[in-house]
Structures are given as C-alpha cells and as structure tokens.
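Asks: Before anything else, here's the structure in question.
The values are calculated or read from the model by the stated rules, or taken from the named source; none is laboratory data. Computed from a prediction, not measured in an experiment: that's the story for all the values here. Positions of Cβ are generated from backbone atoms using ideal geometry, with glycine treated the same way; all protein chains shown enter the neighbour counts. What goes into the accessible areas is simple: the full protein's heavy atoms, side chains included, and nothing from ligands, DNA or RNA. Shrake-Rupley method; radii C 1.70, N 1.55, O 1.52, S 1.80 Å.
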Amino acid sequence: MTSEDISSKYLQVRNLVKYFGDDKAVDNISFGIDEGAFLTLLGPSGCGKTTTLMSIAGLHTINSGAIEVGGLTYTEPSSSIFLPPEKRDIGMVFQSYAIWPHMTVTQNVAYPLEIRKLNKSEIDDRVAETLSLVDLTDMAEKNATQLSGGQQQRASLARAIVSNPRLLLFDEPLSNLDLKLREAMRVELKRIQNEVGITSIYVTHDQSEALVMSDEIIVMSKGNIEQSGEPVEIYSKPNNKYVSNFIGVANLLDAKVEKVTEDGSGEVTVQYGEMTARLPCRIGRGVHQGDEATLSVRPENVHVSRDKTSDSSIEGKVENVIFLGNHVDCRVNWGEYEWKVIAHPRDRLKEGEKIYLRFDSDHTLAVQQ
Ligand SMILES: Nc1ncnc2c1ncn2[C@@H]1O[C@H](COP(=O)(O)OP(=O)(O)OP(=O)(O)O)[C@@H](O)[C@H]1O
Ligand SMILES: [Mg+2]
C-alpha cells in the first residue's frame, strides 16, 4: 500500500518502528484500514503482531512513525504526540479471558459504561442489547467463573463492544478454545463484528482463521509486512515463497525463469534429479527472465490423468493415497520431487501406478524466492 493509499483510510499506521532495547520488533511498517473493515495481522510467533497491536492501543510507546484513527492522531513521536490508552476509545479482546471473576456477566459488561458515567437506564438497555447480540442473555446474572471458555470470550467481546468504541483489537482471542468451538466462534465473531460495524484488527498465527474472517490480511515476518490484500488475493497470488508457504498448502519448486511475456505469463524450467520439465505459468511480481524463482502450485490445481493430455504434462508415480471422503490426498513422485496432489475419488488412483500430472498455467505461479 502506498502512502497515498493509506492517507485516505480510517485507520492509518505510517512507518511504525518499535525497538525493545537494541532489538527491532517492528521494522517500519505502514498500512491502513477502511472504517468498519476487519483486518488480520497474520504471521509466526515473534513477528511483531502483538507489538503492533499494543502500539495502536497505546500500551507501548513507539520509536517513530505515526498512528491515526478517524482523523485523531494517537501517537506521533516526531510531534511529541502520545494519547494515553484510556483516551483512545478502543475495545480489546485477548487470549486469556480478561473478565473479572468476582462480578456477574452483567456487571462485567456494564463496567465500561459506568466509567463513562452513563445513566442507569441507558446502561441497562445497552447491556441487555449487547448480551443478546453475543447470545448470553440467559447467563446475565451468572458469575463470570460459571461460564465456559467460549461463553467467557463472548462476555469479553460484549464488554469490548458495549461502548461502541472507535476500534476493536483482538489478540488471538480463540486460541484457548478447542478446535470445534474455535471454528464455530470464528463465524460467530465475524457475524457480530459485521453487525456492530466497528473497525477491527485481529491478530492470529492461524491462517485458516485469517482466511475465514478477514476483509484484508497482512502477512508479517520478522517485523516486516510481506504482503497485504484480500484473502483470495493472498491465497491465489502470493508475492513470494514465504507467503505461499504460510498460507494454505503449496508445491514449491526451485525454478529457472525462461520466458516472460507482457501479459504476465511465461515459462519456467524445473529440474529434480533426472527429471526436467518446461512449464507455462503466470509470472509473479518482481520476477524476471533469467531469475531463479519458486514455482508455486496448489495441490488442488494439479490435475491427474492416465493419458498424456498436454505437451507439458509430466509423468510421475503415485506414492501414497489417502482417501478422505470427498477428495483424495496423494503424493506423486517425479524425479526427486514429491508432488502434493488433491485428486477426485473417482480417479481411483493406486499406489505404485504411473500417471500424468497436468498444470493449469493460470494457477501455476512463479514467485520470488
Ligand atoms: N515487552 C517486551 N520486551 C522485550 N522484547 C519484547 C517485548 N515484547 C515483545 N518483544 C520481542 O519483540 C518481538 C515481537 O514480539 P511480538 O510479541 O510482537 O510477537 P508476536 O508476533 O505477537 O508473536 P506470538 O505469535 O508469539 O504472540 C519478539 O522478538 C519479542 O521477543
Ligand atoms: Mg502475540
């Protein structure tokens, strides 16, 4: 995103730098979000997600850069601006259930309105409305300790949204829940965010969570942004090997770029052991003729057949077949490379048989290494 693109956004993070001692945790990142949108910071442990979130919340002071939300500057060290956290009007939901155990659900959710000194009847109305939204009406008078993990996270969410803040921040809020509940809560949380329309930043290292929930994803590594974009764009047009590997499953092969044409297509050669193939593909951003690149092919875009159906088909040997009901996960040996392939059960692939692999050139992408 260019600085011009960012300057029209509701939330703007510009050239954010954050050190801890001599270590740079966030290395000059910039991004923006539209009002009401849901943005996810995705990346492995230690890449700077929480640091970015805490900098927005005002729980860390930043070294340089600027953070602005809805025309209000939260912080800008070069102008000595630092708005304290309580003046930033932010709702937060964390991994650990931050609701107070000695209070009822209603008291927990009412708290942000009480410190804003709203009158009693308004507080009652808004708490009831919010508890209904998160489906906790029946639990209103229960003590927080009597709630299940999922219910506690709903109560945290209710408390975060009850005052209709300018911004919602989530730091891995679902990671303490078991898989089934986590999957249900993703959808639920997204529904609620959609309904209240509060601009949200969500931190996770779980790529499927990011794909399901986000309007936009920022993939981070080592304090930097590797790529940002809509989920489908990040998945189908990764900028580089790192992003391709981090999101979804991909066959990633060392490739030499032989040809690049103006329409963004081209050809690469791949060689593994005895086997060599020249494959048509799309050429990703920053990849040029003659480059050593990575060829990225999703398993669902590798087509199998018993006959050679295209000049660029390659012949391999089925190594492993796992039947998973509606699809078949298989591995196909080709020289020293083992392709991950998703086949259809009706293909009836058998371990040990020879088959041809064909690649749709629109879904075969040469990316930077
Ligand atoms: N309070 C702190 N003091 C010193 N170093 C810190 C502090 N907080 C974070 N760091 C360092 O900054 C870097 C980024 O940490 P951060 O917590 O932002 O990562 P993260 O992406 O949230 O990781 P995780 O997925 O594990 O939560 C790490 O190298 C971490 O060790
Ligand atoms: Mg973190």
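Asks: Can you list the lysines whose alpha carbon is less than 19 Å from that of K117, not counting same-chain residues fewer than 8 positions off?
Replies: Cross-link targets: K87.
Asks: For the pair T137/T261, report the inter-label distance in nm, with labels modelled 7 Å from Cα in the Cβ direction.
Replies: 6.1 nm
Asks: Using a basic spin-label model with each label point 7 Å from the Cα along Cα→Cβ, how many nm lie between A98 and D22?
Replies: It is 3.3 nm.
Asks: Using +1 at the Cβ of each Lys and Arg and -1 at the Cβ of each Asp and Glu in segment 249-367, identify which of S305, P345, I283 lies farthest towards the dipole's positive end.
Replies: P345
Asks: Now for a different question. Once label points are set 7 Å from the Cα along Cα→Cβ at both H288 and I322, what is their separation, rounded to one decimal in nm?
Replies: 4.2 nm
Asks: Show the residues, 5+ positions off or on another chain, whose built amide H is closer than 5 Å to the amide H of V93.
Replies: Those lying under 5 Å, H to H, from V93 are L169, F170, D171.
Asks: Taking a 1.4 Å probe, which of M139, M1 shows the most accessible area, and what order do the others take after it?
Replies: If we order M139, M1 from most to least accessible, we get M1, M139.
Asks: Next up: Going down the list K24/K190; K49/K180; K24/K256; K256/K340; K222/K317; K24/K237, which pairs span over 27 Å between their C-alpha atoms? Present the calculation step by step, with values, prior to reporting the outcome.
Replies: Values: K24/K190 32 Å; K49/K180 25 Å; K24/K256 34 Å; K256/K340 21 Å; K222/K317 39 Å; K24/K237 29 Å.
Where the Cα-Cα span goes over 27 Å, the pairs concerned are K24/K190; K24/K256; K222/K317; K24/K237.
Asks: Two decimals is fine: what is log10 I(q)/I(0) at q = 0.09, 0.10, 0.13 Å⁻¹ for the chain, from a Debye sum with one equal scatterer on every Cα and no solvent?
Replies: -0.64, -0.75, -1.04
Asks: Across 5 Å bins from the origin, how do the percents of Cα pairs in segment 8-75 run, short distances first?
Replies: 4, 17, 28, 28, 16, 6, 2, 0
Asks: Provide the gained length on full extension for the span K222 to D178, in nm with one decimal, where the gain is 0.36 nm per separating residue minus the Cα-Cα distance.
Replies: Computed gain between K222 and D178 is 13.0 nm.
Asks: Give the accessible area for T309 in Å² (nearest 10); use a 1.4 Å probe, count only protein heavy atoms, and leave out ligands, DNA and RNA.
Replies: Answer for T309: close to 90 Å² accessible.
Asks: Size of segment 174-256 along its principal axes in angstrom, Cα-based, largest extent first?
Replies: 48, 27, 23
Asks: GluC sites (Glu not before Pro) within segment 272-310: which are DSSP loop residues with at most 11 other Cβ atoms inside 10 Å? Walk me through the numbers before you get to the answer.
Replies: Values: sites: E274, E292, E300; in loops: E274.
Here the GluC sites (Glu not before Pro) that fit, given the DSSP loop and packing criteria, are E274.
Asks: For I355, I225, I115, give me the order by solvent-accessible area with a 1.4 Å probe, most accessible first, ignoring ligands, DNA and RNA.
Replies: Ranked list, largest accessible area first: I115, I225, I355.
Asks: N251's amide H: which non-local residues (gap 5+, or another chain) put their own amide H closer than 5 Å, with H modeled 1.01 Å from N in plane and none for Pro or chain starts?
Replies: Those lying under 5 Å, H to H, from N251 are V297, R298.
Asks: Less than 19 Å from a label point 7 Å out along the Cα-to-Cβ axis of S7: which backbone N atoms in segment 26-51 qualify, by residue?
Replies: 29-35
Asks: Note down the net charge around E300, summing +1 for each Lys or Arg and -1 for each Asp or Glu among other residues with Cβ under 11 Å from its Cβ.
Replies: After counting each charged neighbour, the total is 0.
Asks: First measure r as the distance between the Cβ atoms of T276 and R348, then evaluate 1/(1 + (r/R0)^6) with R0 = 25 Å and state the FRET efficiency to the nearest 0.05.
Replies: 0.30
Asks: Can you give me the long-range amide H partners of A293? Hydrogens built in the peptide plane at 1.01 Å from N, cutoff under 5 Å, separation of 5 or more residues or another chain.
Replies: Close amide H contacts, sequence-distant or interchain: A255, K256, V257.
Asks: Any number yet on Rg/Rh for segment 249-367, C-alpha, Kirkwood?
Replies: Rounded to two decimals, Rg over Rh is 0.98.
Asks: What do you reckon, how do D22, D27, D125 stack up by accessible area (1.4 Å probe), largest on top? It would help to have the intermediate numbers written out before the result.
Replies: Working: D22 145, D27 50, D125 100 Å².
My answer, sorted largest first, is D22, D125, D27.
Asks: Calculate, in whole percent, how much of the Cα-Cα pair population of segment 130-185 lies beyond 12 Å.
Replies: Percent of Cα pairs beyond 12 Å in segment 130-185: 67.
Asks: Can you give the extra length, in nm with one decimal, that the chain gains between E122 and S148 once fully stretched, where that is 0.36 nm per residue apart less the Cα-Cα distance? All intermediate terms of the calculation are to be shown ahead of the outcome.
Replies: Numbers: separation 26, 0.36 × 26 = 9.36 nm, distance 2.82 nm.
So the chain would gain 6.5 nm between E122 and S148.
Asks: Quick one: of the DSSP bridges fully inside segment 166-256, what percent are antiparallel, nearest 5?
Replies: Around 55 percent of the beta bridges assigned by DSSP in segment 166-256 are antiparallel ones.
Asks: In sequence order, what are the phi-derived ³J(HN,Hα) couplings for segment 83-96 according to the Karplus relation 6.51 cos²θ - 1.76 cosθ + 1.60 with θ = phi - 60°, rounded to whole Hz, with x for glycine and proline?
Replies: 7, x, x, 5, 9, 8, 6, 10, x, 10, 10, 10, 5, 7
Asks: I'd like the distance between the alpha-carbon centres of segment 276-323 and segment 63-139, rounded to an integer number of Å.
Replies: Their Cα centres are 50 Å away from one another.
Asks: Same structure again: With θ set to phi - 60°, apply the Karplus curve 6.51 cos²θ - 1.76 cosθ + 1.60 along segment 337-345 and write out the HN-Hα couplings as whole Hz, x wherever there is a Gly or Pro.
Replies: Residue by residue, segment 337-345 yields 10, 10, 7, 8, 10, 9, 10, 8, x Hz.
Asks: Treat every Asp and Glu Cβ in the chain as -1 and every Lys and Arg Cβ as +1, leave all other atoms uncharged, and give the resulting dipole magnitude about the Cα centre to the nearest 20 debye.
Replies: The calculated dipole for the chain is roughly 440 debye.
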